[in-house]
Amino acid sequence: MARLWDSGAPPSLLRLVAVVYAVLMAVSLPQLIDPLVRHDDFPALLVDPSGFYAKTLHEGRWLNYWWHLRGVMTPAWANFAAYQLCWAVFCAAAARAALGRDAAVWPVLGLALLIAVAPPALLISLWFNTLIPGLALVALFAVLANRLPPRAMRWLLVLFVPLTLMAYTTYPLLLLAVCLTTHGAQTSWRDVAGPLAIFIASFALGILAIYGLNYLEHGIFGIPMADWRTPQPTRDLASLMANLDRIGVVARKTALAFAWGFTPLSVAHGLLAAGGLIVLWRAERWAAVAALTVLIAGTGLLCLQILSTGVTVPVRAFGFVWMIHVVVMMRAALLLSRRGGLAARLARNMVIFIVASYLLQTARQYTDGWDWQAQTRALAQAAGPSGGAIILRGDYRTLAGATRAGIQNARGLRLRLVYLTGREVVLCAETPQLCTGHPATPPASARPVQAGEALIAQHDGGSLIWLPSTVPSR
């Protein structure tokens, strides 16, 4: 095993990307066949800028909004394949940069797959239509890290951080992670403080750019928090303590998510992180300092947001934490492998175990939307691609797959049927005024659909669908 681990010529970036992409596509095949699209990801799929416009003001997602203006609609499977390609490029390029261009093929491939199977990466991939341009920039930055010296990469933060900030808040932290984990780039405090200072200035520049765009477009200099997020800003000691408690909740939730909800594995990850940092600190102190700098800067930024606004941060925002965790773990494993012995064998086996088990878990998670996809396809096939409007009566939650797929509101069903049929779709639960004049109960001519107990009938040149009458028990 030790010989295999250290064997193999340094991999070319192109071949490394090809292998990582093939693995990603294999484990995400259930999603590729008929991708599950989240309700607020549909505007990007359907090329509907109006459906995303509000996020420019409340979230500063201007790069994503410009993507919505492209005017060309591509199928969901093609968008998902493109998104996964961008992610594969980033994982491969970031791993090669972190271990060095001369590193053997197996450790580099192992690290690339460790980055790829990050639970936050799986969670955020469910918004693949929207995030393609932002992730493409993140991937490009990692590729450049394999071509340009560390000093040049620092200054590229000035360009890439503001742009990626307009796609997703924590994408810039992946850029900082690439800068501060590049092999051989950390030899003194200047190599850590310099990129961090440029990153902070670039992040501030990005915020200022978003504020300016919001002022020009919306007349508001800032990013007002949307009401649906239920912000609870810190105003006094009581609200401060409440928001501190929210930080603890987010930390516990993230730690469990990193371990797929299995507490003992979460503890094991904590021990691996601590042990890896100790090994790295003893052998490559400035590399350990750089890794800690990314963690402190990133988590500090997110904690500051929670403290100031009271709005919690989702697990998908912590991809940079997972990246630092596995980079430290792999570099520690390589350092131990040079010494040999039990510790080296355990480190190698742990890497293999995490990659294999997390690939299986990722594949399983991608099947959560199968029932929902099948049920909605059945509804679309029954309605057909031509004709007038499709009128749906009933509660979308009565479709058994809705809960497991995480469908949060009625427009998830409406927009799914719009995508599948190309027809106007009206949900009476959303807009009851548009259902006036349509029968409230199924006529004798209604026929069953393969989606539970749903019924369908033709009416006034369109289709009437009655969803099942009861919500299935969880």
Compute the convex hull volume of the Cα atoms of the range 41-178, divide it by the residue count, and report the result per residue in Å³ as a whole number.
102 Å³
To the nearest 10 degrees, how steeply does helix 411-421 sit against the main Cα axis of the chain, on a 0 to 90 scale?
80 degrees
For Asp34 the rounded accessible area (nearest 10 Å², probe 1.4 Å, non-protein molecules ignored) is 30 Å²
Note on the range 1-367: contact order normalised by length, alpha-carbon pairs under 8 Å, 6 or more apart, percent, works out to 22 percent
How tilted is helix 105-116 with respect to the longest principal axis of the chain? Cα atoms for both, answer in degrees (0 to 90, nearest 10).
40 degrees
Largest to smallest accessible area among Arg331, Arg252, Arg229 [probe 1.4 Å]
Arg252, Arg229, Arg331
Result for the chain, cysteines with no Cys Cβ partner under 4.7 Å, is Cys86, Cys91, Cys179, Cys303
R0 = 45 Å: FRET efficiency of Arg338 with Leu159, Cβ-based, nearest 0.05?
0.75
Would you please give the FRET efficiency between His218 and Arg190, computed as 1/(1 + (r/R0)^6) with r the Cβ-Cβ distance and R0 = 41 Å, to the nearest 0.05?
0.50
Residue-count net charge about Val313 - beta-carbon cut-off 10 Å; Lys, Arg +1, Asp, Glu -1:
+3
Give, in nm to one decimal, the length gained when the segment between Leu360 and Arg229 is fully stretched (0.36 nm per residue of separation minus the Cα-Cα distance).
43.8 nm
Calculated from DSSP H runs of 4 or more alone, at -39500 (n - 2.57) each and per residue, what is the 222 nm mean residue ellipticity of the chain, nearest 500?
-20500 deg cm²/dmol
Nearest 10 degrees, 0 to 90: helix 237-258 Cα axis against the chain principal axis:
80 degrees
Take every Cα pair under 8 Å in the range 201-276 that's 6+ residues apart, average their separations, divide by the length, and report that relative contact order as a whole percent.
11 percent
Distance in nm between Arg252 and Leu304 label points, each 7 Å along Cα→Cβ, equals 2.7 nm
Ranked by accessible surface with a 1.4 Å probe, highest first, in what order do Met241, Met153 come?
Met241, Met153
For the range 370-466, divide the Cα radius of gyration by the Kirkwood radius and give the resulting Rg/Rh value with two decimals.
0.92
At 0.36 nm per residue, minus the direct Cα-Cα distance, what do Ser386 and Ser12 gain on full extension? Give it in nm, one decimal, please.
129.7 nm
For the pair Trp77 and Leu240, how long in nm is the line joining their label points, each one 7 Å along Cα→Cβ?
5.6 nm
With a Förster distance of 41 angstrom and the Cβ-Cβ distance between Ala374 and Ile200, calculated FRET efficiency to the nearest 0.05 equals 0.25
Just to verify a number: what accessible area does Glu453 come out at with the full protein assembly present, 1.4 Å probe, Å² rounded to tens?
130 Å²
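The values are calculated or read from the model by the stated rules, or taken from the named source; none is laboratory data. All values derive from a computational prediction rather than experimental measurement. Heads up, the Cβs are rebuilt from the backbone with ideal geometry, glycines too, and the neighbour counts pull from every protein chain shown. What goes into the accessible areas is simple: the full protein's heavy atoms, side chains included, and nothing from ligands, DNA or RNA. Shrake-Rupley method; radii C 1.70, N 1.55, O 1.52, S 1.80 Å.
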